[in-house]
Amino acid sequence: MTEQTTGGALIARTLATLGVRDVFALHGGHLDAFLVACPDEGIRLTDFRHEASAGHAADAYARSSDTGFGVCVVTAGPGFTNAITPMTSAWVDAVPVVFIVGSPPLREVETNPLQGGIDQIAMAAPVTKWAHRVTNVERLPDLIEKAARIAVSGRPGPVLLDVPIDVMFMPVREVMFPVASRPVAADRPAPSRAATERALALLAGAQRPVIIAGGGTVFSRCSDSLRRFAEATGVPVAASTMARGILPEAHPLYVGGVASIGGAVGRGAAPDVVVMAGARAGMYLGGRAGSIIPADARVIQIDIDGGEIGRLRPVDQAVVADCDETFAAFADACGGFHWPERQDWVQTLNAGRRPFDPLFADAPKETRPGVLHPYHATRAAMDALEDGTVVVIDGGESSGWASVTARSAGPGLCMQNGYLGCLGISQGMAIGSAIANPGRPVAIFSGDGAVGFNIQEFDTMVRHELPIVTIVLNNACWAISRRGQDIVFGENRRSIVGLANTRYDQVATAFGGDGETVDRYDDIAPAIRRALASRRPTCINLIVDPDVVNPAIPAMVGDPSVPDQIMIPYYENIPVRRDT
Ligand SMILES: Cc1ncc(C[n+]2csc(CCOP(=O)(O)OP(=O)(O)O)c2C)c(N)n1
């Protein structure tokens, strides 16, 4: 490099060399030297109305784009603090996102400068794999490459580079380590022969084996090897919320979400051998209660991070390796074992795939004139989507309705609130998915509470002409919150759980999108089809009944009639020993 450039231009060039084509951002003067250089490097900027959405977009983009990681660039101080939420979400869900943030000039530290006075590195450290301030412009290329390499290698996760404005605007002629290659780790750890043999022996000897695919399968891009192994052995595959679509929805061995396993456990047909494939133990897999992975099941756990193995319960076979390498090795070696026919077991699992269908079979589609049944409304809207639609789910009870009816178009193409349980992810994730998958329609299913956090992103959808349909399940309350209060304290003690009957469709039209309110069941599918056909950002405001209880919620809160317990909604209730 001989011509003079700036730190910002060097960041753009380095990102482009790493294969980055899209950056999710919101303006700040600290970033200008970078922003103006992006067109020269073929980098498209998608600009948001709130940094949280930009971060969630980068997260969604990482899940389904070829680049393999997302990039979010925000300004110093408030831009950074607004991005802490998506950073944390990417941290708890292990999603590779590179955050680049501005900061005040190095030469003005401790002078109470604009948008400064905080230690952004210290604040980001607990929720990133690596957080670093670049203090020398010549080091930008190698430090950016290092950041990307850390984000994608091993257990993926977010990283943060803080670039002071004087480094960003600094002219530079020579750099220390020019970037010439992509950062993705070339080699992924494969399982040992012994671990493979023992895992296969356990599985082949099982009566009711099942594979639970988790987020790790999405980032190891293991659909093909997983499918090869499942087909060779007849072992069914369920997916965590992050891994939905890892096999095609219609694949004979794909049994949908883990609710299908929970249903089988409830009917007395528990799995006896469970493969946790890049699926971390935690609340979404039944926590310590064993409602999905029974305590007496034998467990084979595959994870690239050995520290994850054995969380919450001992495992019978640990495989510290990449999921794709592991399923490829399993598929190659499985011929040495006998694999019995398991059609009945697959059918048992499939019976629980839509657990609310039998519960609401007789419920009216409209609970009273102008008010829809939330499950039937969600199901009708979901079933009206075109094949291939990306689905993003956000909210409380509404998320529960949508989750059990969702179909995924492929890995990373169906998303919902992760372990941060963060409301307001949907608009950012939908926009990131639309950018990563041009031409594909995207549908949001959101509670009316959740949709409010980042409602201004209708503007981003309109300016960038993105075909996103936002379906609001409008019950004029924070229903899941209300439910918890009702169960623990009684209906007459509700506190701050009400919302107004807001016309969210009119919010969309005010921003230049389309919108309509739907309160008749028969109008749902035509409205969704119209919205999808228009390829315009559209909001469909579905009026749903706040009094229909999602059965998953009381189950989570617990039974108040149980004596001697302290109720802790959404967590384990605490038994109290009565000393007599
Ligand atoms: C950012 C954030 N704020 C608050 C909460 C707490 N919370 C969890 S669910 C929920 C209510 C969700 O209401 P809504 O989105 O309307 O969905 P509904 O339950 O009504 O279907 C709240 C307030 C949260 N998880 N995230």
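The values are calculated or read from the model by the stated rules, or taken from the named source; none is laboratory data. Here the structure is a predicted model, which means the values were calculated and not measured. Note that each Cβ is placed from the backbone with ideal geometry, even for glycine, and that neighbours are counted across all protein chains shown.
Annotations
- Subset of segment 393-428 that is part of a strand (DSSP E or B) and within 13 Å of the ligand (Cβ to nearest atom) - its residue that is surrounded by the fewest Cβ atoms within 10 Å (Cβ to Cβ): Gln416
- Residues in segment 444-466 that are of a type in the set (D, E, K, R) and crowded, with 24+ Cβ neighbours inside 10 Å: Asp448, Glu457.
- Criterion violated by Thr517 - all others in (1) of a type outside the set (Gly, Ala, Ser); (2) within 13 Å of the ligand (Cβ to nearest atom); (3) closer than 16 Å to Val371 by Cα satisfied: (2)
- Single residue of Thr470, Thr502 found to be within 15 Å of the ligand (Cβ to nearest atom), assigned to a strand (DSSP E or B) and not aromatic (Phe, Trp, Tyr): Thr470
- Consider segment 176-195 and keep the residues that are in a loop (DSSP other than H, G, I, E, B) and at pLDDT 80 or above. The one that is farthest from the chain's Cα centre (by Cα) is Ser192.
- Ala380 meets all of the listed conditions (1) within 30 Å of Arg188 (Cα to Cα); (2) part of a helix (DSSP H, G or I) but one, namely (1).
- Selection within segment 213-240 - out of contact with any Pro (no Cβ under 9 Å at 6 or more places or on another chain), crowded, with 24+ Cβ neighbours inside 10 Å and either β-branched (Val, Ile, Thr) or over 22 Å from Gln317 (Cβ atoms) (or both): Val237
- Residues considered: Val462, Val488, Val507. Of these, the only one that is more than 16 Å from the ligand (Cβ to nearest atom), assigned to a helix (DSSP H, G or I) and of a type in the set (A, V, I, L, M, F, W, C) is Val462.
- Residue count for segment 361-387 under the criterion of being away from the ligand (no atom under 16 Å from the Cβ) and without any contact (Cβ under 8 Å) to a residue 40 or more places away in the chain: the result is 5.
To keep it simple, each residue is scored yes or no on (1) of a type in the set (D, E, K, R); (2) surrounded by 24 or more Cβ atoms within 10 Å (Cβ to Cβ); (3) under 28 Å from the mean Cα position of the chain (by Cα).
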{"position": "Ala12", "(1), (2), (3)": "no, yes, yes"}
{"position": "Asp22", "(1), (2), (3)": "yes, no, yes"}
{"position": "Ala37", "(1), (2), (3)": "no, no, no"}
{"position": "Glu41", "(1), (2), (3)": "yes, no, no"}
{"position": "Phe48", "(1), (2), (3)": "no, yes, yes"}
{"position": "Ser53", "(1), (2), (3)": "no, yes, yes"}
